[in-house]
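Where a number appears in this text, it was derived from the coordinates with a stated rule and is not lab data. Just so you know, these numbers come straight off a predicted model, no measurement behind them. Please note: Cβ atoms are built from the backbone with ideal geometry, for glycine as well, and neighbour counts cover all protein chains shown.
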Amino acid sequence: MQFDFGENWVEFSENALTWDRAMSAVNDFSALFRGIAIESKTFLDIGCGQGLSLLSAEALGARVVGCDINSKCIAMVRRNRKYFNAMDKNKVTLVTGSILEDDVVQKLRQSVAGSVGYDIVHAWGVLHHTGDMRRALINSISLVKPGGHLVVAIYNRHWSNPAWKCIKALYCVSPVVIQKSIVCFFYFLLIFAKMLVTGENPLEKQRGMDFYHDVVDWVGGYPYEYAGKNEIDQIGRDHGLELLRFIPAKVPTGCNEYIFQKRP
Ligand SMILES: C[S@@+](CC[C@H](N)C(=O)[O-])C[C@H]1O[C@@H](n2cnc3c(N)ncnc32)[C@H](O)[C@@H]1O
């Protein structure tokens with residue numbers, strides 16, 4: 001059972017992506033990378049989805065490689081390049097495949113960086129959807145070069161995680177009419193809940209996204225895993241990383257952001 005992320009990103013790209021959203025994606029991406037140089041660096045985006053992060057990195061001058069298990073996502077990255085004025089800059093390299101597969105990891109290692117790895121490996125909201133988060137994280141770490149950075153966002157551990165897992169599984173096995181009803185129900189519930197918890201208007205979305213497609217992603221995103229800060233930090237430390245910055249999720253079941261550096 002696997003949620004079709006590609007379908008959601010096709011819908012988003014065709015109906016919701018605008019020049020303004022692309023600009024806001026680049027701005028928020030720059031803020032996340034505050035203090036880390038991007039220009040001329042090698043940048044790998046694992047689970048690149050609709051391409052907002054990958055194309056932001058390219059627009060900021062990185063040499064980028066994108067990877068996604070879903071071929072519809074790869075097609076959307078090619079389509080969405082026009083919003084980032086990226087046409088005549090560096091060429092983007094795109095790989096369709098899973099970060100869990102050794103031959104894909106090997107291909108990514110050889111794609112741009114040679115055997116030493118990438119300056120920056122980025123996986124935002126991805127590793128917990130692979131079906132084996134720990135292995136996906138370790139494979140991602142293996143692609144970072146010594147001294148390089150790993151930037152990941154992973155669902156926070158919370159008492160309500162098992163309930164969300166059931167909702168996501170139910171969504172994936174339901175007929176379209178039930179799926180639409182689930183999205184509709186949670187769309188309004190999550191607007192209310194997020195306003196209450198964060199005091200912000202959730203319709204003013206960050207990272208270039210829009211709230212509706214985020215909700216579809218949220219209620220459908222299966223496989224689904226989660227982890228607390230200490231669990232992810234421990235895996236990082238066991239594999240040669242040091243946690244430089246931790247940005248806690250704004251809502252308890254949201255994504256924590258981690259910025260690691262690999263020891264030289
Ligand atoms: C929630 S979306 C995040 C997309 C994008 N990173 C973003 O920040 O908007 C998760 C993405 O991970 C991809 N994905 C899931 N499992 C994967 C795997 N094993 N290897 C590579 N990509 C995977 C999905 O196809 C999807 O595009």
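Considering only Val216, Val251, Val151, the Gaussian network model of the chain with Cα springs below 10 Å gives its largest mean-square fluctuation to Val251. If one computes the Cα centroid of region 217-264 and of region 154-213, what distance in Å separates the two points? Each part's Cα centre sits 20 Å from the other's.
Subtracting the Cα-Cα distance of Glu39 and Lys91 from their residue separation scaled by 0.36 nm leaves 17.3 nm. In this structure, the pairs whose alpha-carbon distance is over 20 Å, taken from Lys41/Lys262; Lys229/Lys250; Lys72/Lys229; Lys41/Lys250, are Lys72/Lys229; Lys41/Lys250. GNM remark for the chain: springs join alpha carbons under 10 Å apart, and the peak mean-square fluctuation among Leu44, Leu55, Leu32 falls on Leu32. Working from Cα pairs under 8 Å separated by at least six residues, relative contact order for the chain is 22 percent.
Take the Cβ-Cβ distance between Ile247 and Glu204 as r, set R0 to 22 Å, and report the resulting FRET efficiency rounded to the nearest 0.05. The computed FRET efficiency comes out at 0.75.
Specify the angular offset, from 0 to 90 degrees and rounded to the nearest 10, of the alpha carbon long axis of helix 102-111 from the longest principal axis of the alpha carbons in the chain. The angle comes out at about 60 degrees. Per DSSP H run of at least 4 residues, take -39500 (n - 2.57); add these up for the chain, divide by its residues and hand me the 222 nm value, nearest 500 deg cm²/dmol. Taking each H run of at least 4 residues, the total per residue is -14000 deg cm²/dmol. For the options Ser24, Ser160, Ser98, a Gaussian network treatment of the chain with springs between C-alpha atoms closer than 10 Å singles out Ser160 as fluctuating the most. With respect to the chain, whose longest principal axis is taken over its alpha-carbon atoms, helix 133-142 is tilted by about 20°. Other residues whose C-beta falls under 10 angstrom from the C-beta of Gln261 contribute a net charge of +2, scoring Lys and Arg +1 and Asp and Glu -1.
Applying a DSSP loop filter and a limit of 15 other Cβ atoms within 10 Å to the GluC sites (Glu not before Pro) in region 181-264 leaves Glu200, Glu204.
Reducing region 39-57 and region 94-148 to their Cα centroids gives an inter-centroid distance of 12 Å.
Dipole of region 1-92 computed with +1 at Lys/Arg Cβ and -1 at Asp/Glu Cβ about the Cα centre; of Ser40, Phe5, Cys67, farthest Cα towards the positive end is Ser40. Distance between the modelled labels on Phe188 and Asn230, one decimal in nanometres: 4.1 nm (7 Å Cα→Cβ projection).
For region 123-220, the calculated P(r) over all alpha carbon pairs, in 10 Å bins from 0 to the bin holding the longest distance, is 13, 37, 34, 14, 2 percent. Here the residues Asp132, Asp20, ranked from fewest to most Cβ neighbours within 10 Å of their Cβ, fall in the order Asp20, Asp132.
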